[in-house]
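The values are calculated or read from the model by the stated rules, or taken from the named source; none is laboratory data. Bear in mind the structure is a predicted one, so any value in this text is a computation, not a measurement. So basically every Cβ, Gly included, is an ideal-geometry build from the backbone, and we count neighbours across all protein chains shown.
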Amino acid sequence: MKTDPDAAGLDARLLNRIGDHLRERYIEPQKIAGCQVAVLRHGAVGYAESFGSMDLERAKPVADDTIWRIYSMTKPIIGVALMTLYERGHFQLNDPVSRWIPAWKDLKVRERSENGDVRSVEPHHPMSVRDTLMHMTGLGWGIDGPMQMERFMEAMVALRGGADGTLEQMVTNLAGHPLEFHPGERWLYGVSTDIVGYLIEQMSGQRLDDFLRENIFEPLQMGDTGFSVVDDDIGRLAANYGRRRNKTLALIDDPERSSYRRPPSFLSGGGGLVSTLEDYARFCQMLVNGGELDGVRVVGRKTVDLMRTNHLPNNGELRHYAVPGGYGEVGFDGVGFGLTMAVGLGEAATQTVGAAGDYYWGGAASTIFWIDPNEDLAVVFMTQLMPSGTFNFRGQLRALVYPAIVD
């Protein structure tokens, strides 16, 4: 990626602190194998650098075109895809989901009394399309007992119908489980964005991967983004790592043996995509520009504004709506929620530098992005370390990026 810090209104000397920090704190002590960072402002790339290794076992350095598992950073892409159908008149945000999934029309809510008794009741409101975009559907994980993140993947495989399951099978299986809360009243990270993908298929009459390719990836020239990696490009896929108890890195997905080598039967709108730094930066720049990039409009400016608005009641804070014990990719404090993305409520609320109204998300392997419309700024960070939240990359990068703004 060609950089021009002056055009971006950024101080190149101060931006170099990013590299110093990542090398000294993370790459050299092998807390992560490698990473990439891009800082975009005023439509220019002010900074783009690669660090460390994409595959420690094969001693391969991170390259400009390294492919990363972006997991939940898939969600904003799916959100934009659905909103292109909104602009074609396919739905309103308050439309009931049962319009496209009739089997869910009679879903009940499981309520627990103080004495532990369980009963099924009618939902206060029908599950809406907006609820699917906000993790407020009431859909659980199809398991009994507490919904803890260490049980999440096992639960998802079962809901999908096994390793070769499909979106359609998940929808069918969910029809057999009561809702965990009344739609629109609580927030639970889980399957909701996969349902957004299913709605795209039902509304458009296309497979999700085909719809994304035609409406997002090809218009934005995101040629390396998709649900799998072809054999010719497998050498570009980074290895994925976890942490052992002694804090050393442990290989958890070898590119040569990765499931990403074959197209999946389950097209996960919640976390199924791979991408590159440049591809995702192009997606972010489109959002910064109000839905357009290089003369190609993907979605309208007012639709982007609708997505990045905090839709929680009374401009609320996520911690007041999150199911106790649940997980949030960016935490709950100082954070509102828009349509598939968190919305910052300001510096005092988040206790980080930035501005109210910035929006962002991340992925399970510690990838992150944020967009600050007030500063015409987007930042993308790629690495492969699970679980996310092991290190506060977002907070650290904010502290490093914002001082470099000079105009």
Evaluate the following for ALA8: is it crowded, with 19+ Cβ neighbours inside 10 Å, assigned to a strand (DSSP E or B) and either in the same structural domain as GLY295 (by TED's automatic domain parsing) or at pLDDT 95 or above (or both)? no
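Give me the residue from the range 390-407 that is free of Cβ contacts under 8 Å to residues at least 60 places away in the same chain and either in a loop (DSSP other than H, G, I, E, B) or not basic (Lys, Arg) (or both) and, out of that set, nearest to PHE51 (Cα to Cα). Spell out the reasoning first.
Step one: of the range 390-407, the residues free of Cβ contacts under 8 Å to residues at least 60 places away in the same chain are 392-393, 395, 398-399, 402.
Those left that are additionally either in a loop (DSSP other than H, G, I, E, B) or not basic (Lys, Arg) (or both): 392-393, 395, 399, 402.
Values: ASN392: 18, PHE393: 14, GLY395: 19, ALA399: 19, TYR402: 21 Å.
It comes out as PHE393.
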Looking for whichever is at positive phi and buried (at least 19 other Cβ atoms within 10 Å of the Cβ) here; the options are GLY291, GLY270. Which one fits? GLY291
Quick one: which strands (runs of 3 or more DSSP E) sit completely within the range 278-376 and have at least 1 residues that are of a type in the set (Gly, Ala, Ser)? 335-337, 342-344, 359-362
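Conditions (1) modelled with pLDDT under 95; (2) in the same structural domain as ASN289 (by TED's automatic domain parsing); (3) touching a strand residue (DSSP E or B) at 6+ places or on another chain (Cβ under 8 Å), marked per residue:
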site: GLY300; (1), (2), (3): no, yes, no
site: ASP305; (1), (2), (3): no, yes, no
site: THR309; (1), (2), (3): no, yes, yes
site: HIS320; (1), (2), (3): no, yes, no
site: VAL323; (1), (2), (3): yes, yes, yes
site: GLY326; (1), (2), (3): yes, yes, yes
site: GLY336; (1), (2), (3): no, yes, yes
site: GLY344; (1), (2), (3): no, yes, yes
Kindly check whether there is at least one residue in the range 61-82 that is within 30 Å of PRO387 (Cα to Cα), surrounded by 15 or more Cβ atoms within 10 Å (Cβ to Cβ), of a type in the set (D, E, K, R) and modelled with pLDDT of 95 or more. yes
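Let's see how each residue does on (1) assigned by TED's automatic domain parsing to the domain that holds LEU167; (2) over 21 Å from PHE369 (Cα atoms); (3) in contact with a Phe, Trp or Tyr (Cβ under 8 Å, 6 or more places away or on another chain):
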position	(1), (2), (3)
ASN215	no, yes, no
GLY226	no, no, yes
VAL230	no, yes, no
ARG244	no, yes, no
ALA250	no, yes, yes
SER259	no, yes, no
PRO264	no, yes, yes
GLU278	no, no, no
GLN285	no, no, no
